[in-house]
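Visitor: So that we are looking at the same thing, I have put the structure below in C-alpha cells.
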Amino acid sequence: MKLHTLSVQDALNALQSKKEGLSEKEAGLRITRYGYNELSGKKTRSLLSRFADQFNDFMILILLGAAFISFLTSLFEGNADFTEPLIILLIVVVNAILGVVQEAKAEHSLALLQKLSAPEALVVRDGKRKTLPARELVPGDIILLSAGSKVPADARLLLADGLTVDESSLTGESEPVKKNAACKLAEETPIGDLCNMVSAGSVILTGHATALVAQTGMQTQVGKIADLIQQDTAPETPLKKHLAHTGKILGITVLAICLFIFILGTIQGRPVFTMFMTAVSLGVAAIPEGLPAIVTIVLSLGVQRMAKKKAIIRHLPAVETLGSATYICSDKTGTLTQNRMTVTEISDGRNVLSITSPEAKPILLCASLCNNAYFEADGNGNGEPTELALLTAAKEASLASPISDTRYKRLAEYPFDSGRKCMSTIHLLSGRSSSPLPVMPQDTYAFLVCKGAPELVLSRCTAFYENGSLTPFNAPLHRTLTDYCNRCAERALRVLAVAFRPLTDSACKRLTEHGTDASLAERELIFLGFLGLMDPPRPEVRECVRICREAGITPVMITGDHALTARAIAADLGICSRKDRVVTGSELSSMTEAELVDCLETCRVFARVAPEHKVSIVRALQARGEVVAMTGDGINDAPALKAADIGCAMGRSGTDVAKEAADMVLLDDNFSTIVAAVKEGRGIYANIRRCVHFLLSCNIGEIITILFALLFGMPSPLLAVQLLWVNLITDSLPAAALGVEPPEKDIMKHPPYHTGKSLFAGGLGYKIAFEGAMIGAIALMAFVIGNRYFHAGSTMTFAVLSLSQLVHSFHMRSDHPLSEIGFFTNPKLLLSFLICAFLQISVITFPFAAEIFSVTPLSGSAWCVVAVLSLLPLPIVEMQKRAHKA
C-alpha cells in the first residue's frame, strides 16, 4: 500500500486508524499480524557446520589425501618424520578458519542495521501520548517526531511544521529534505522525492511532526536493504576461481602421472613397495600444497602495505580483485564530492565577484544576517548545511559573526516555507560608519533582508543595487539575471538570491509588532546579488579519473541526486561529457535486464537511483564480464557494496553498515587511495603469478627427473625423503620472497587482466613447461655425471635439483632480463636464497643430516660440477627472455 499517493484522511482510512491512535487491544492484534518492528536475519548455521563446509573443495580434498599418504609413507619407512603432513594439515585448517570468519560478514552487517532502529518511540494510543519500545510499533500507529528524533519506522506525515529530515544515510545526499504533509505524490515517485513520507533510520533536523506508521520491520526501506544484503552472496574473486581450476587440473594430472610411474616401475621389476613410496612422495611433492599459504602471505603483505596508505583491507583477496577491476561504480556525495555545501560563486548577476571584494561584502553580510546557523566556541558549525555554507563564506570575507556583531539586532523573522521559497529577517542598525550595508536613506536604521529562490525573490524586487547606486528594475535586467541563474543550474550550482529593503520607523513598527503577513514585508526589495552553492568535487578526483581511464578502468557515477547536478559534476571530473545521457532511477525501473546491459555500453552517469537500482547496475556489469568495484558510504550503498566484486567504503563519513558490507575501507575517504589499491592489486596478482610460475616449473622439473629416469631404465634418482625436502625448501622462503616484489613501473599503463583468461595466459604455460623441462634435464645430467664419475648420482641430483630451483627463483621477478631490473634489488629473495642454499648444503655436509637423507659426502670437484649445473638456468632463461622480447 503506497500511502504517499493518498491524502492524509485517505491514508488513515487505508490503515483503519485515526488521529487519536490505535487502542492497545488493536495494537496487540496487529503485532500478531505484522510482527515486531525489527529486522530479521537468516537462520544461522552452527560453527561446526560452517567449518565443515570449508573442506568441500577438490584441491582441499587432494591436500588432505596427500597429508594422509605422506603420514603413511613416514610411518612405513620408520623415520617418524611427520613434518610434511603436519604442514599440509595446518595450511588446510587455517584456510578453513579464515573462510568461517569471512562468512560472518552478512550477519554482522544485519546486526549493525538493527542498531539503526530507534530504541524508543513517542506514540499516541487510546488518545494518550506514551513512550514505547520502537519494536512494538505497528502499521496504523500515530507517532510524534521532533528535532533530533530518529525515525522508528516508515511513516506517512499527517502534520508537519518546519520539518526537515536528514536522509543522507539512506539516499546518499547531504542536503536536508524539507517535508510537506499536505501533498499527494505519483505512485512511482523515487525515494528521494517522497516529501510526505519519512523513512526508518533517518533523523529529524528541524521542526516537529505527527505521522502515521506505514511499514515496520523488514517492510521498511532499511528492511528492504537488509533483505538485499541477505539475498546477495559475495562473488568469488578471479584469483580464487583460477587457483581452484588450476588445483583441480594439477591434482588430477599429478595423480595420473604418479599412477603411471608406479605401474611402469612395477612392470620393470622394481620393488613394489619402493615404487609405491616413490610415486606417493612424488605426488606429495608435485602438488604445490604451499601455494595456498604463499598466496595468503602475499595477500597479507599487500594488506600491510595498503594499511600504510590508509586503506584497510577486510578480506585478503580484496586487493587482488581491485587490481582486476574494469569498472569503478562510485557514489557521488562524500566519495567524488566533499559532502559539504560550499559557496563557490558570488555574483551581482552581471559579474562574478571575488569573495573579498567590496562589492561582495553587502551580499555576504545580508546572507549571514538572514541565517539561523552559528559557530560554537570550538569552531564547529551548527545548523542547516546551506546556512552554514553562507556563514562560512562570510567568515572567509572577514565579516563578523551575526551573533557577536551587536550592530545588527534582529527584530523579527519570517521563516522559510515551501510556498514563498524564501526567508526574511528584520534588523535594527546601531551604527553606519563601518557597516558594509548598501546605502540607506537618511535617518533610516531598520532594514529587511530576504534570501531565497531567485524566481521568487526577483519577482519582489523593484530596484537593482550596483556600485553604490540604485537602478530601477526592468524586463531586460530581469532576463539578464534569469539567464545567469539558468547557466548556474547547468553547472550544478544551487542559486540563492539576496535582497534588501530599508524600513522607515513606522514600517518597521508595523511589521514587527503586528505580525504582518510576509508578503507585505517582502516587497519593494532592492536586489543585491546571487550566491552559487554546491557540494564541490574533491580536488584530487579529476587526476584519479584520468589515471583510471589510462589504466583501462571505466569510472561510473551512481547517485541519488538530480540528473542535471550529476551530469555537471561528472563532466567536471571527466567521467562523462556535458552532452552524454544521464539515466534516472525511473528509467532504470522500466528497463529489462538486456536493455540495462546495452545501456551500460555508453552510459556513465545514473541519477535519482534507489538501492536496488545500484545492485541492478552492478549485476548488469558483471553479466557483461566486468569486474566491478563499488564505492560508497551510506546505508543505501551496503547491498551494492556486497554485490560488487569488491566494495570500498568510506572510513570517515561511511556508516558502520557500509563498512561492514565492504571489502575495503578507505580511512581518508580519498578517491586517490582507490588508485593506489588498483596498483597494489595488480602488483599482487603479478606476484602470485610469479609464485605459481616458480612452484609449478620446479614441480614439473621434479616429475620429469623421476619419470624420465624410469623411462630410460635408470635407477630411481631420488628417495622419497629427498623429494619431500626439495619440495619444502623451494615451496617456502623463495616463493614468499617473490611475493614482495614491488610493482613494475609501467603496471598502470596496461589494461586490467581479464578474469576470463587462464592463469597461464600470456605464454605463462609455455614458460612453465620449458623451464620445468630445463630443471629436469639439468637434474638428470647431474645424475648421469654423478654415477659415472663420482659414484654419488643420487646425492648430486639431490643437490642440483634443489640449488638450481633456488637460482631459478631470480628469473621469476620479471619478464625483463635481470640486467635491466638488477640482480640485488629484491634483498628478501637474496636472503632466502642464502638461507635455503645453506640448509641444502648442510644436509649433505653434516653427517647426522646426511644419514637421515641417505646422501654421501661430495668431493671438491663434485661440488664444482654441482655449482656449474645449478647456475645453468641463468644463461638459458636470460636468452629465452631476450628472444621473447625481440
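Visitor: By its C-alpha gyration tensor, with a ≥ b ≥ c as the square roots of the eigenvalues, how is region 525-603 shaped: rounded for a/c under 1.5, else prolate for a/b larger than b/c, else oblate? Let's see the in-between values first.
Guide: Working: a/c = 3.21, a/b = 1.39, b/c = 2.31.
Judged from the Cα gyration tensor, region 525-603 comes out oblate (a/c at least 1.5, b/c at or above a/b).
Visitor: Sorting check: for 465-471, 523-529, which peptide has the highest mean count of neighbouring beta carbons within 10 Å, and how do the rest follow?
Guide: Answer by packing, highest mean first, reads 523-529, 465-471.
Visitor: Given LYS309/LYS828; LYS310/LYS757; LYS150/LYS332; LYS150/LYS224, which pairs have Cα atoms separated by over 27 Å?
Guide: Numbers: LYS309/LYS828 22 Å; LYS310/LYS757 31 Å; LYS150/LYS332 25 Å; LYS150/LYS224 18 Å.
Pairs exceeding the cut-off: LYS310/LYS757.
Visitor: Could you rank the peptides 373-379, 830-836, 705-711, 612-618 by their average count of other C-beta atoms within 10 Å per residue, with the highest value first?
Guide: Numbers: 373-379: 10.9, 830-836: 16.7, 705-711: 20.4, 612-618: 24.4.
With the highest mean Cβ count within 10 Å placed first, the list reads 612-618, 705-711, 830-836, 373-379.
Visitor: Another question, if that's okay. Could you order the peptides 821-828, 794-801, 410-417, 206-213 from most to least packed, using the average number of other C-beta atoms within 10 Å per residue?
Guide: Details: 821-828: 13.1, 794-801: 27.5, 410-417: 16.8, 206-213: 21.6.
The peptides rank, most packed first, as 794-801, 206-213, 410-417, 821-828.
Visitor: Taking a ≥ b ≥ c as the square roots of the Cα gyration tensor eigenvalues, with a/c under 1.5 meaning rounded and otherwise prolate when a/b beats b/c, else oblate, which class fits region 349-440? Present the calculation step by step, with values, prior to reporting the outcome.
Guide: On the way: a/c = 1.16, a/b = 1.13, b/c = 1.03.
The shape class here is rounded.
Visitor: Same structure, new question: Give me the Kirkwood hydrodynamic radius of region 729-886, using the inverse of the mean 1/r over all pairs of distinct Cα atoms, in Å to one decimal.
Guide: Values: mean 1/r = 0.0582 Å⁻¹.
It works out to 17.2 Å.
Visitor: Would you pull out the residues with amide H under 5 Å of ALA121's amide H, same chain only if 5 or more places away, H placed 1.01 Å from N?
Guide: LEU132, ALA134
Every number in this text was worked out from the coordinates using simple rules, so none of it is lab data. Small disclaimer: the values here were computed from a predicted structure and weren't measured. Neighbour counts are summed over all protein chains in view; Cβ atoms, including those assigned to glycine, are modelled from backbone coordinates with ideal geometry.
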